Each structure stands twice: as C-alpha cells, then as structure tokens.
Amino acid sequence: ADIEDGSVDNCKIKSQTLSKDTFDCSSIGANKIQYVVEDVNGNKATQEITITIVDEIAPTIKAKENITLGLDNSGSLKITIEDLLSESSDNCTIKEKTLSKQSFDCSNIGKNTVVVTVKDAAGNSTSANISFNLIDAFGNCLCSYAMLASESINIDGTNISYGGLGTYSPGKTI
C-alpha cells in the first residue's frame, strides 16, 4: 500500500507482491526490490524499485537512583557510564556512550551533575543530566574537613586547626 501509486489493468488485478517486504536494522539504506503486479489472466508487470530504510528512533537511557560515589585513597575518582546508568538500549545498535565529565577530585565533594549521551549507529542520540553525590570515602580531602569549621581554620604544615573543633592530622579520625 505504501508503494502502490495507481497500478491499473484492463482486466482485474489479482495480486501485487514485493520480492522483499520485511526490513530491519540490517536493511538500513537503499534496498532494490522487485514490485510485481499480476492480473486475473496471469499477465505480470515487474518494476524494480528502491526502498530506503532509515532509523529515526533515538536510544533510551535509564539512570540509577540515589547514586553515591566515593573518592579513592588518592582523593580522585574516574567515573564510567556504568556508574550512572542502569540501562541503555536502542532498536538497532548503540555506537557510543559519552560523559560530559569523567574525572573528579576533592574540589567536587557534594552534588555533581554530568551529561550522559548515548548515540546509535544512525546518529540518533539521547542525553540526560544525571546527578550523584560524591563523598570523601577515605578522609583525605582538606575540603571535607573545612566544611566542619564553625569559626576559623588554620593550616600549619600537615595539621589543620579549626575553631572549637580540635586539630586534624593525616591518619587521625575525627
């Protein structure tokens, strides 16, 4: 029906067939097929036609919920798509997944938002802002202790003194 554009016969048309009528992702692009019209007397007319198949469906993504990630012992973190997404899919093939930012350090403690983009082989893409909480899992970031200060902070060599709360030295638990 999508191909028929007014086939006629002086008798009655018995059938209209295509040499191929099922297409999928492996058919993307130009496909040459035969269109055959047969009348009730068995006379046939054949026309070669080109059907172009396109993928216009963008991938889908689903973010994980309540994401908390921790810095490593050196105070850094490199995230991956798998850290943020619970699922990504496409009707055909996913070509690439990208993050707007991958590396984090002590200056990023707290809420962070990155853009995750998933692109399929046809160039369709989906992007989403995904937020996560970054924590100082090993207690190596000065910034995480600076947030505890109620008055003032004094840094002297490897010690940090903050008003009313005590002194922190590397390896000491507060």
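Computed in the context of the full set of protein chains, the accessible area of region 17-68 at 1.4 Å probe radius has 46% of its extent on carbon or sulfur. Kindly flag which residue pairs out of Lys12/Lys32; Lys44/Lys95; Lys64/Lys95 have an alpha-carbon separation exceeding 32 Å in this structure. With Cα atoms farther than 32 Å apart: Lys44/Lys95.
One decimal place: the segment Thr113-Ser7 gains 32.4 nm when fully extended, by the rule 0.36 nm per residue minus the C-alpha distance. Per-residue extension of 0.36 nm, minus the Cα-Cα distance of Asn43 and Phe23, leaves a gain of 4.4 nm for this segment.
Between Ala137 and Ser100, what length comes free when the chain is fully extended (0.36 nm per residue of separation minus the Cα-Cα distance, one decimal in nm)? Result: 11.0 nm gained on full extension.
The values are calculated or read from the model by the stated rules, or taken from the named source; none is laboratory data. As the structure is a prediction and not an experimental result, all values here were calculated from the model. Quick note on the areas: whole protein, heavy atoms, side chains included, nothing else; ligands and nucleic acids left out. Shrake-Rupley method; radii C 1.70, N 1.55, O 1.52, S 1.80 Å.
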